[in-house]
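The values are calculated or read from the model by the stated rules, or taken from the named source; none is laboratory data. This is a predicted model, so every value here is computed, not measured. For neighbour counting, all protein chains shown are included, and Cβ atoms are generated from backbone atoms with ideal geometry for every residue, glycine included.
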Amino acid sequence: MTAKQRRRNAFRNAAYVAPVFLLAAVAVIMQYRWVQRNRYKFASPTRTQIIRCDYCGGSGEVRTPEGKLGPCPICFGSGSRIVRRYYEEDRLCPVCGGMGRIIGTNGRAITCPRCGGRGMIRSSITKRKR
Ligand SMILES: [Zn+2]
Ligand SMILES: [Zn+2]
């Protein structure tokens, strides 16, 4: 093998490796950005707050139409809920009041569509969207 051929071989190898390196770099950047965006899933909450369930008055029980006592559909019978604040801009969801669940139009409890059940919304995002 001449020196010229060897150099050509090395070039071919480099041309093959470069896109793989590029892909790996992009994958790392995407992962980094995903972690940045979902940091609240890993970070410890800055503050926790106990929300008393308004629907059952904190007792955890509600009367069914038949007059029996049953577990509250909003708080699942616990009477309260702990919400975790991850960002400084987080504030209580105005729709569900932090409970994460509301009574829907059909009279059944549904996950709050505003906060997705988290009970907190980031006020800066709503401001930026406008
Ligand atoms: Zn309740
Ligand atoms: Zn909500």
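I want to confirm something. Restricting to the stretch 51-87 and keeping residues that are more than 13 Å from ligand 1 (Cβ to nearest atom) and loosely packed, with under 15 Cβ neighbours inside 10 Å, which single residue is nearest to the chain's Cα centre (by Cα)?
Within the stretch 51-87, the first condition is being more than 13 Å from ligand 1 (Cβ to nearest atom), and the residues that meet it are 64-68, 82-87.
Now drop any that are not loosely packed, with under 15 Cβ neighbours inside 10 Å, which leaves 64-68, 82.
Numbers: 64: 32, 65: 35, 66: 37, 67: 37, 68: 36, 82: 16 Å.
Result: 82.
Here is a list: 39, 84. Which entry is basic (Lys, Arg) and at pLDDT 85 or above? Steps first, answer last, please.
Working: 39 fails: at pLDDT 85 or above.
Being basic (Lys, Arg) and at pLDDT 85 or above holds for just one of 39, 84, which is 84.
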Is at least one residue of the stretch 109-116 modelled with pLDDT under 90, in contact with a strand residue (DSSP E or B) (Cβ under 7 Å, 6 or more places away or on another chain) and part of a loop (DSSP other than H, G, I, E, B)?
no
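When you look at residue 110, is it in contact (Cβ under 8 Å) with a residue 60 or more places away in the chain and within 14 Å of ligand 2 (Cβ to nearest atom), yes or no? Write out each step before concluding.
Details: in contact (Cβ under 8 Å) with a residue 60 or more places away in the chain: no; within 14 Å of ligand 2 (Cβ to nearest atom): yes.
Spelling it out, it is not the case that residue 110 is in contact (Cβ under 8 Å) with a residue 60 or more places away in the chain and within 14 Å of ligand 2 (Cβ to nearest atom).
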Within the stretch 97-111, can you find the residues that are more than 14 Å from ligand 1 (Cβ to nearest atom) and under 18 Å from the mean Cα position of the chain (by Cα)?
110, 111
